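In what follows, a structure is listed as structure tokens, so that the remarks can point back to it.
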Amino acid sequence: MTIHADALDASPVTLAAARAEFDADATYLDTATFGLPPRRSWAALQQALAQWRAGTADAVAYDLPLAAARASYVHLAGVDPCVVAVGSQVSVFAGLIAANLPDGREVLTATGDFTSILFPFYAQSGRGIRVREVPLDRIAECVTSRTTLVAVSAVQSADGRVADLDALHAASRATGARVLVDTTQAVGWLPVNASRWVAAAPAVRLLAQVGAQSLHRHALGLANRFRAGIGLKPGDSAIVSLATNGAAADAMAAARITGSARAGRLRLSFHVSTSDQDADLAADVLRRHVTSRHLATL
Ligand SMILES: Cc1ncc(COP(=O)(O)O)c(C=O)c1O
């Protein structure tokens, strides 16, 4: 079929215009769990549902938004369109890769990484696939000639730690190991050159139109604005992980702030839909609930 040119349009959109497309009626700091739909996505979904119900949907036309999503990912991640496959879940693609590893091979992963890129490899243990978990900050130095594949997230889902992909690239080139980088928590705020990797991530057109550098400045700037507001030094991630006291959840609920609990800590994520006011409100509410032990160690 022919893909219309506007399906691939990536004309620039300012951050302010992009942010105006979001309608959260609370302070939403949980994009790491699920991103909010911009108005254009909401409208497209309503239209598709209405056409489906009315019997006027065109199955072939479903390829258009898919082509646009593929083009957006190409724009954000610097890959060739012909290598972008679209699927429903990261774990499905990881499972395909796991199932195609030769028997008895070693897969190197980061301890505590997201289950979608860990469990598919553990599921192959019956034919001798060995999963070796090492601390994220040592993953590059742990690549050896016995490592067939390194499977790791560019940004850790639980706490936002950022992998040193340059070091991993160098280490894997030295031994010939293949690398599977899960960019789910990265593409959309962290500029990632995925042309070096087998990659998996969601992408949307609005993000491509705003551009990776603007998104990075915005999301990281907000995370660091929040960190400064509670007395932490700046970090390198749009996801902030905090140890808090038992009253934090109630204080957040009273102020209508949404975050999530991961690995026994509070996780807040800052993204295109988040504003300065959101970061400041969260800092005001949480300042007295962040445990001092953690303030000293971050
Ligand atoms: C790092 C990471 N990978 C993948 C996923 C989603 O995995 P799946 O598509 O298999 O449900 C998430 C969701 O939070 C994630 O944080």
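Throughout, read-outs are computed from the coordinates displayed, never taken from laboratory work. Predicted model, so just to flag it, every value in this text is computed and none were measured. Note that each Cβ is placed from the backbone with ideal geometry, even for glycine, and that neighbours are counted across all protein chains shown.
Here are the numbers for this structure:
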| quantity | calculated |
| --- | --- |
| Cα-only radius of gyration and Dmax that characterise the stretch 77-193, units Å | 13.5, 38 |
| Per residue convex hull volume, Cα atoms of the stretch 126-179, in Å³ | 83 Å³ |
| Column: log10 I(q)/I(0), Debye, Cα scatterers of the stretch 141-298, q = 0.12, 0.19 Å⁻¹ | -0.59, -1.14 |
| Computed over the chain: relative contact order in percent, which uses C-alpha pairs under 8 Å that are six or more apart | 22 percent |
| Between the stretch 208-230 and the stretch 265-289, the alpha-carbon center distance in angstrom | 12 Å |
| Using a Förster distance of 25 Å, the FRET efficiency for Q277-A43 (Cβ separation, nearest 0.05) | 0.45 |
| Longest to shortest principal axis, alpha-carbon extents of the stretch 205-298, angstrom | 41, 28, 24 |
| Whole-angstrom gap from the stretch 81-106 to the stretch 142-193, using each part's C-alpha centre | 15 Å |
| Span-like helix ranges in the chain, DSSP H, alpha carbon extent 18 angstrom or more, Kyte mean at least 0.5 | 63-77 |
| Whole-number Å³ per residue for the convex hull built on Cα positions in the chain | 155 Å³ |
| Residue (of F34, C142, V92) at the positive-pole extreme of the chain, dipole from beta-carbon charges | C142 |
| Charge dipole of the chain about the Cα centre (unit charges at C-beta), most positive-ward option of Q277, S237, V74 | S237 |
